[in-house]
Amino acid sequence: MYPKVIIDPKKYAFNVDYLTNLCHKHQVSLMAVSKVFSNDEQLMQVLNQSNVEYIADSKLENLMHMKTHKKKVYLRIPALSELSLVVKYVDMSLNSEIKVIDKLNEIAKQMNKRHEVILMFDLGDLREGIYYKDFNLDDIKHVLNLSHIHLKGIGTNLTCYGSVRPTQETYLKLKQIKDLIETQLNYKLDIISGGNSSSIPMLLSQSLPPFINNLRLGEALILGRETAYQEKIDHLYDDVITLKVEIVEIKDKPSYPEGDLGYDAFGHKIEYRDKGMMKRAILAIGRQAVDYHDLYPLKGIEFIGASSDHLLIEIKEGTYKIGDVLTFKLKYGAVLSLMQSNYVEKDYV
Ligand SMILES: Cc1ncc(COP(=O)(O)O)c(C=O)c1O
């Protein structure tokens, strides 16, 4: 049945090995981010058989059910209400609130465990992390004195909310924090986690500062793309996961709606363009499963719009009939939503 995603674990394995080797060549360890494929068992198996050091996920539910012998990392800043589960199921978490780390310590003590922490710093991208200008050695001393917390390292996240690309200048802010901790407190940080798939161009051009010894990669592994410039990475597969959808209607109709125009199915007022008559088709998928802006259009086909369960396209070239199945390559948002949808089948090459 369609819609269906086709998952190719061998292509994923190739991407994972390629990027792991690249990272290791530069003495950078790898946290493979699994959230994008929602704990898919076959893709998890690829990660388990790979040389990546850690599996990182932003969904605690995924980490709780994950079958892996690798160290598990919780990517999202933990909420106070979930800390028992964090300590129970996860080896390491990214943190930015001292109050949360204190509580993690308390719970870890009760469970007789030692929880590893990466302290996140915000270098200007303005999502998670202690703002780098507010860095304070007393906070670090405090964390180092906690009996059941191991300050494993520091990290940053870039090109996320604020679109800030990693550069030498931006990374210098993290280097200064690292140096202050290591020299003033005589404490060696094991991990300096420099970011996500947007750091790959620096890695490829040998310009990633050598003090960075860890990256957390999701998109590059699954889509073969870096995210600083949105370029495809040479040699990698960009079709580890593709989408197949069926055509359920084809008709010649006007492009401009007819009648008294109000709002669309989502309560939005839409500006329609009159392009005359066109060959329109309906694909059996809609916004409940995917935002069509996150699909790469096919040659000769243009997206017109979508409601919850219908995707409208204009057929400009080519001959199609009812029942034909179209295959789309995916952008990141599409992989995220399709892999979580109960209405999209999953099949493997
Ligand atoms: C903190 C953090 N690090 C790394 C990643 C991975 O980002 P990307 O998929 O761009 O490699 C994410 C997002 O999944 C994240 O939230």
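The values are calculated or read from the model by the stated rules, or taken from the named source; none is laboratory data. As the structure is a prediction and not an experimental result, all values here were calculated from the model. Note that each Cβ is placed from the backbone with ideal geometry, even for glycine, and that neighbours are counted across all protein chains shown.
Numbers for the structure displayed
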| item | result |
| --- | --- |
| Residue among Tyr131, Tyr89 that is loosely packed, with under 14 Cβ neighbours inside 10 Å, in contact with a strand residue (DSSP E or B) (Cβ under 8 Å, 6 or more places away or on another chain) and not small (Gly, Ala, Ser) | Tyr131 |
| The stretch 271-298: number of residues that are within 31 Å of the chain's Cα centre (by Cα) and at pLDDT 95 or above | 16 |
| Test: residue in the stretch 271-279 that is in contact (Cβ under 8 Å) with a residue 40 or more places away in the chain and away from the ligand (no atom under 16 Å from the Cβ) | no |
| Single residue of the stretch 334-349 satisfying the filter (of a type in the set (Ser, Thr, Tyr) and more than 16 Å from the ligand (Cβ to nearest atom)) that is surrounded by the most Cβ atoms within 10 Å (Cβ to Cβ) | Ser341 |
| Filter result for the condition that a residue is away from the ligand (no atom under 16 Å from the Cβ) and in a helix (DSSP H, G or I), over Lys188, Lys175 | Lys175 |
| Cross-chain or 6+ apart pairs with Cβ under 6 Å, the stretch 321-349 first and closer than 16 Å to Tyr292 by Cβ and among the hydroxyl-bearing types (Ser, Thr, Tyr), then within 16 Å of the ligand (Cβ to nearest atom) and at pLDDT 95 or above | Tyr332/Glu219 |
| So Lys35, is it on the phi < 0 side of the Ramachandran plot, of a type in the set (Lys, Arg), surrounded by 17 or more Cβ atoms within 10 Å (Cβ to Cβ) and in the same structural domain as Asn196 (by TED's automatic domain parsing) | yes |
| Residue satisfying all of: in the stretch 204-218; within 14 Å of the ligand (Cβ to nearest atom) and touching a helix residue (DSSP H, G or I) at 6+ places or on another chain (Cβ under 6 Å); farthest from Ala32 (Cα to Cα) among these | Leu215 |
| Residues (within 22 Å of Asn112 (Cβ to Cβ) and either within 14 Å of the ligand (Cβ to nearest atom) or buried (at least 17 other Cβ atoms within 10 Å of the Cβ) (or both)) located in the stretch 38-84 | Leu60, Leu63, Lys72, Val73, Tyr74, Pro78, Leu83 |
| Residue ID - farthest from the ligand (Cβ to nearest atom), chosen from residues in the stretch 146-161 that are in a loop (DSSP other than H, G, I, E, B) and at pLDDT 95 or above | Ser147 |
